[in-house]
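First the structure, in the form of structure tokens, and then the observations on it.
The values are calculated or read from the model by the stated rules, or taken from the named source; none is laboratory data. In this text the structure is predicted, and so the values were computed from the model without any measurement. Ideal geometry is used to build each Cβ from the backbone, glycine not excepted, and the neighbour counts take in all protein chains shown.
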Amino acid sequence: MANQLKMAKIDAIFALHQRQWSIRRIAKELDLHRDTVARHLAACKQQAKQATPEEARVDSKQATPEGAPIGSKQATPDQASLGSKQATLTEASLGSEPFPPARAQASLCEPWRQVILDKLQLGLTAQRIYQDLVTEHGFAGRYPSVRRFVRRLGHQQPLPFRRL
């Protein structure tokens, strides 16, 4: 099928995600759509959640036939180390988190939090706040960062009360 990724790209997605790369950065580097990258990472996390401890436990004392699949009850840890993808899935099924959580980057607007809050109290929009930050304070960020920061603050303009 033409719409399936090669295993090399899937392995690259997992390897870059383990290095704390963002989904957008992985997608740009591998020339994929970011939804494709997110879908593969979510599928791996879903497989890790579905594995039960009894199925995932590896007993090294049991006899292991040569053709036993990796992750089966009869597989040994030595077999699990043969393939990187299989080893990752085995680690995930054993309960260890294969991907550490992504760290949130500090906002460029954080040093001007109080200024932004004061301007929100005056009823100014995010666009106007951005323009004021650039002209008055030499803000080096861009408008979308101010817009996200204002949205994250959760400030909502109260609806005007009009008496009829």
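Considering each residue of region 1-47, count those that are among the hydroxyl-bearing types (Ser, Thr, Tyr) and within 19 Å of Gln105 (Cβ to Cβ), and give that number. The number of residues fulfilling the criteria is 1. State the number of residues belonging to region 21-76 that are of a type in the set (Gly, Ala, Ser), in a loop (DSSP other than H, G, I, E, B) and either over 25 Å from Leu5 (Cα atoms) or at pLDDT below 75 (or both). Residues that pass the stated criteria total 8.
Checked against the criteria, Ile10 counts as among the β-branched types (Val, Ile, Thr), part of a helix (DSSP H, G or I) and at pLDDT 50 or above. Restricting attention to region 120-154, the residues that are loosely packed, with under 13 Cβ neighbours inside 10 Å and either in a loop (DSSP other than H, G, I, E, B) or aliphatic (A, V, I, L, M) (or both) add up to 6.
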